[in-house]
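Notes for the one structure printed next.
The values are calculated or read from the model by the stated rules, or taken from the named source; none is laboratory data. Every value quoted in this text rests on a predicted model; they were computed, and no experiment measured them. Glycine also receives a Cβ, built like all others from the backbone with ideal geometry; neighbour counts cover every protein chain displayed. Protein only, heavy atoms only, side chains kept; ligands, DNA and RNA dropped before computing areas. Shrake-Rupley method; radii C 1.70, N 1.55, O 1.52, S 1.80 Å.
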Amino acid sequence: MTAKTPSQLAGTAADAVRALNHATLGPDRPGWEYPADAYDVIGGLDQLVGFLPQALDQIARHIERLAADGHIRSTKGGDGSDEVATALRALEWANADATQLQSRLATVHSALSPLAYKD
């Protein structure tokens, strides 16, 4: 298997979520008939979202290293320090949002756990 770049991997993840959106579009879809199907999907999304804080933190560290080593400039002019500061602050917020989303998904997962299909 050929190694993918971080950008390609992010695109693959986005494509997978887009496919999930289509697969859950309506009733009578294969694998989308029972409460356990929703439970399993939420479990997978919980896991996916759980990986986001680490990815966001690593992106922030990457930008910080590039800036510290003098490898960033702004196409708007200047050294890009304002843009770097804005991006790092927004990455912190996104990290907190992802952590909150994972908590909410865990609550949904727990609530779906006892549900069963009734004929």
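Remarks
- Restricting the first member to the stretch 61-82 and to residues that are of a type in the set (Lys, Arg), and the second to residues that are outside any loop (DSSP other than H, G, I, E, B) and exposed (fewer than 13 other Cβ atoms within 10 Å of the Cβ), no beta-carbon pair is closer than 8 Å while six or more apart or on different chains.
- Scope the stretch 60-93; condition over 21 Å from the mean Cα position of the chain (by Cα) and basic (Lys, Arg); matching residues: 65, 73, 76
- Within the stretch 20-36, residues that are within 23 Å of residue 113 (Cβ to Cβ) sit with their Cβ atoms under 7 Å from residues that are open to solvent by less than 90 Å² (accessible area, probe 1.4 Å) and part of a loop (DSSP other than H, G, I, E, B), at 6+ positions apart or across chains, in these pairs: 32/24; 35/116.
Results for (1) at positive phi; (2) modelled with pLDDT of 95 or more, shown as yes or no for each residue.
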residue	(1), (2)
9	no, yes
30	no, no
42	no, yes
48	no, yes
55	no, yes
73	no, yes
77	yes, no
81	no, yes
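- Selected residue [more than 23 Å from the chain's Cα centre (by Cα) and not aliphatic (A, V, I, L, M)] from 40, 57, 28: 28
- If you filter the stretch 102-119 down to residues that are part of a helix (DSSP H, G or I) and not polar (S, T, N, Q), you find that the one that is most open to solvent (accessible area, probe 1.4 Å) is 104.
- For the stretch 83-101, filtered to residues that are open to solvent by 80 Å² or more (accessible area, probe 1.4 Å) and either without any contact (Cβ under 8 Å) to a residue 12 or more places away in the chain or touching a His at 6+ places or on another chain (Cβ under 8 Å) (or both), the residue that is farthest from residue 59 (Cα to Cα) is 100.
- If you go through the stretch 49-73 and keep only what is touching a helix residue (DSSP H, G or I) at 6+ places or on another chain (Cβ under 7 Å) and not acidic (Asp, Glu), you end up with 49, 50, 52, 53, 56, 59, 60, 63, 67, 72.
- Scoring residue 49 on the criteria (1) closer than 20 Å to residue 91 by Cβ; (2) within 15 Å of the chain's Cα centre (by Cα); (3) surrounded by fewer than 14 Cβ atoms within 10 Å (Cβ to Cβ) leaves a single failure, condition (3).
- Taking the stretch 26-46 as the range and being open to solvent by 80 Å² or more (accessible area, probe 1.4 Å) and either in contact with a strand residue (DSSP E or B) (Cβ under 7 Å, 6 or more places away or on another chain) or of a type outside the set (Phe, Trp, Tyr) (or both) as the test, the residues that pass are 27, 28, 29, 30, 33, 40.
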